[in-house]
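In what follows, a structure is listed as structure tokens, so that the remarks can point back to it.
The values are calculated or read from the model by the stated rules, or taken from the named source; none is laboratory data. Every value quoted in this text rests on a predicted model; they were computed, and no experiment measured them. Positions of Cβ are backbone-derived with ideal geometry, glycine not excepted, and every protein chain shown enters the neighbour counts. Side chains are part of the model used for accessible areas, which takes the heavy atoms of the whole protein and leaves out ligands, DNA and RNA. Shrake-Rupley method; radii C 1.70, N 1.55, O 1.52, S 1.80 Å.
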Amino acid sequence: MAEHQNTWLITWNKNGFEWDDYKESCEETKAGHAQKLSWTCTSTKPAIGDEVFLIKLGDHPRGMIGHGTVVHESYEAEHYNPQRARQGDVARYIGIEFDCLLDYEKDRILSQEELNNNCSAQHWSPQNSGISIKDEVLPTLHKLWKEVTEGDNNDGFWPSPEEYPVNLTKDDWKRFIQEVEAPDHRGCMRVLACFVDIGGTASPKTLSDKYKGHPSVYTGSVLNTSKRALKYFSMEPCPDGDTQRLFPIAFLGRVGKDVNPGAYEYKMRPELLEALKEMDLSGINLMYDKEGGGEMTNTKFDHNMILYGPPGTGKTYNSVNYAVAICENKAVEEVVNEPYQDVLQRYREFQASGRIAFTTFHQSYGYEEFIEGIRPVMADGDSEGGLNYVIRDGIFKQLCKKAEGISSFGEEEKSVKKTSERRYKVWLVNLEDSKRFNLKEKCFSDFEIRFVIPNGGSWIRDQVNRMGKYDLILSYSGNGYIIDGIGLIDDDEAFVDNTQKDLHIVRKVTWIDTNVTIDMKLILHGESIFRSFRVLEVNNTRPKEVLDLIAPDDIEKSENKIAEYMTDNLPHVIIIDEINRGNISKIFGELITLIEDTKRAGATEAMEAILPYSGEEFSVPDNVYII
């Protein structure tokens, strides 16, 4: 590999640029003939000798498909889009010599999901071509790329025996199971038995489909069994760059190829598999039940249901029974036989917690109310701030984002408990009448955010009051799109501090990461008015991408607010009353296809849409039901 100073990520979306000789270029690099090409790159910093990776975005499959070296520094030329070129537009390019290009239609590529899972410190859905790849992810990125392009004798499973030798025999594993797992860990024993039943290799999704329960049940069991085995055998975890992986003592792993493209597969080590095969597992019920942390039934509801009939036949009335049955995973007949007032009370509780939403369609109801739209606001609540426009999520998008949940951190799979989907940018800047102390330093040291309440202004007060416990707070540095702190709201409501010269409105905050420099522009989706307000809900970011910015050491310091991953994939329901009165194509827009079972997130034909106002990639979660 050529010597280089920096590594750059460039992008290709075939919907924006048709690469005519793409397949021929792939074949040429496989034959050992490097391909010199000009490529768009918004940055002017790439230098000759720098390393380049090419990622395919847009439609599936998405992932890393090319590697090369910069051979010509940044220059301007006519735009690659013929129409824009005719208008006199130009674009910025660099010259690249590709030593490897993969044909995504027939070659295994380094999938975007694998990059997100293993190199989460980097944003792998960039808006521009030509961003710097962080040094901290390069060792893992190079290892993954080598596995994809050079292959190995382990059928793609990681780690190899040389990388992590595990010299345990079948008898060693028998002793561990008899002394540790079998007596005290029934749930993990069930998962081990499932692996034996399915042949020793499977993804958590495959196990979930066959034996019920959420995929996280199986991921959690693999990690917990491995953690206890490490302790029992006095072994260290497997190093993976800067991360210590637990599972390799008992399993190998890879991104699935055939039946599970993009999903992580685990392969039980042969000595463990043989030990389990020789043990009596006949008393273990393979189907998931309460031992996994939640009650399962055989009840299965369609994701999209229509209750129909003449007026007065109880459609709206029965939607309450259906919604509660879905949320509680019960047969609807069981719920119908309960006193209606009891069911209605639980329905209202689910509504209050955000798991059930209700809306009524009518002739003027539109996409902006259901999915997302824009609305005008006065900056900081007074006319001097000027008029701006903010993107507001509609009722269906809000429900989908809440159902989707946050994400995880590393091998231990950690996440923010009970976090809502809201993220707020706050600009903790001193006003003229509050310069007796450094406001930001005070907020960081006193674990709070505070603002002077403008005379006659309601914008700040309304926004601060709207914040909910565990909402994410992004402290704006005042420079570009840079934030210098990430925290979580730590109280149930705002309070007014009248001990200062001016009235202050205050929220308590647990700061997870402070005095840092993080460029939010890398993870903002679509246009933004990020710098225009002292308080602003930032809709065009994703919780996972925000939380992935938090340093692992700071996660550990904030363990009172960061708990072990506890996703339960709880069902969420939206009830649409009078659906026939609305213009369906106008209201759903591009999402009309995404609600189909096979197109939902995680499905075999999963699809995403780019939303027109926010520019976000959006998909409909599998745990959202429409009545």
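Couple of notes before you dig in:
- Residue count for the range 333-360 under the criterion of being free of Cβ contacts under 8 Å to residues at least 24 places away in the same chain and either of a type in the set (A, V, I, L, M) or under 20 Å from Asp577 (Cα atoms) (or both): the result is 10.
Yes/no per residue for (1) under 29 Å from Gly32 (Cα atoms); (2) hydroxyl-bearing (Ser, Thr, Tyr):
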| position | (1), (2) |
| --- | --- |
| Tyr75 | yes, yes |
| Gln83 | no, no |
| Ala91 | no, no |
| Ile133 | yes, no |
| Pro139 | yes, no |
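- When the residues of the range 387-422 are filtered to those that are at pLDDT 50 or above and among the polar types (S, T, N, Q), the one that is surrounded by the most Cβ atoms within 10 Å (Cβ to Cβ) is Gln398.
Okay, residues lined up against (1) within 23 Å of Trp12 (Cα to Cα); (2) at pLDDT below 90; (3) basic (Lys, Arg):
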{"position": "Ser120", "(1), (2), (3)": "yes, yes, no"}
{"position": "Ile133", "(1), (2), (3)": "yes, no, no"}
{"position": "Val148", "(1), (2), (3)": "yes, yes, no"}
{"position": "Arg186", "(1), (2), (3)": "no, yes, yes"}
{"position": "Asp197", "(1), (2), (3)": "no, no, no"}
{"position": "Ser208", "(1), (2), (3)": "no, yes, no"}
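- The range 301-317 residues that are touching a residue at least 40 places away in the same chain (Cβ under 8 Å), paired with ones that are among the β-branched types (Val, Ile, Thr) and in a loop (DSSP other than H, G, I, E, B) (beta carbon under 6 Å, 6 or more apart): Asn304/Ile595; Met305/Ile627
- Enumeration of residues in the range 43-61 that are open to solvent by less than 30 Å² (accessible area, probe 1.4 Å), among the charged types (D, E, K, R) and in a loop (DSSP other than H, G, I, E, B): Asp50
- Within the range 315-360, the set of residues being open to solvent by 70 Å² or more (accessible area, probe 1.4 Å), among the hydrophobic types (A, V, I, L, M, F, W, C) and in a helix (DSSP H, G or I) comprises Val336, Ala352.
- Considering residues of the range 43-87 that are among the acidic types (Asp, Glu) and without any contact (Cβ under 8 Å) to a residue 24 or more places away in the chain only, the residue farthest from His123 (Cα to Cα): Glu78
- Tally, over the range 31-42, of residues that are touching a residue at least 40 places away in the same chain (Cβ under 8 Å) and either within 23 Å of Asp107 (Cα to Cα) or open to solvent by 30 Å² or more (accessible area, probe 1.4 Å) (or both): 8
- Boolean, Lys557 is under 17 Å from the mean Cα position of the chain (by Cα) and either modelled with pLDDT under 80 or at positive phi (or both): no
- Of all residues making up the range 463-514, the number that are aromatic (Phe, Trp, Tyr) and either closer than 15 Å to Val429 by Cα or assigned to a loop (DSSP other than H, G, I, E, B) (or both): 3
- Flag for Ser383 being at pLDDT below 85, polar (S, T, N, Q) and touching a Lys or Arg at 6+ places or on another chain (Cβ under 8 Å): no
- Selection status of Glu527, under 21 Å from Glu617 (Cα atoms) and modelled with pLDDT of 65 or more: no
- Looking only at the range 32-41, residues that are within 18 Å of Ile131 (Cα to Cα) and at pLDDT below 90 come to 0 in all.
- Verdict on Ser160 being open to solvent by 20 Å² or more (accessible area, probe 1.4 Å), assigned to a loop (DSSP other than H, G, I, E, B) and within 30 Å of Leu281 (Cβ to Cβ): yes
- Test: residue in the range 603-611 that is open to solvent by 60 Å² or more (accessible area, probe 1.4 Å), touching a strand residue (DSSP E or B) at 6+ places or on another chain (Cβ under 7 Å), farther than 25 Å from Gln363 by Cβ and not in a helix (DSSP H, G or I): yes
- Residues of the range 112-146 classified as open to solvent by 20 Å² or more (accessible area, probe 1.4 Å), part of a helix (DSSP H, G or I) and in contact with a helix residue (DSSP H, G or I) (Cβ under 6 Å, 6 or more places away or on another chain), total: 1
- Matching residues, the range 175-213, being crowded, with 19+ Cβ neighbours inside 10 Å, over 15 Å from Arg269 (Cα atoms) and hydrophobic (A, V, I, L, M, F, W, C): Cys188, Met189, Leu207
- Restricting the range 447-471 to residues that are at pLDDT 75 or above and open to solvent by 60 Å² or more (accessible area, probe 1.4 Å) leaves a set whose member that is nearest to Glu404 (Cα to Cα) is Lys469.
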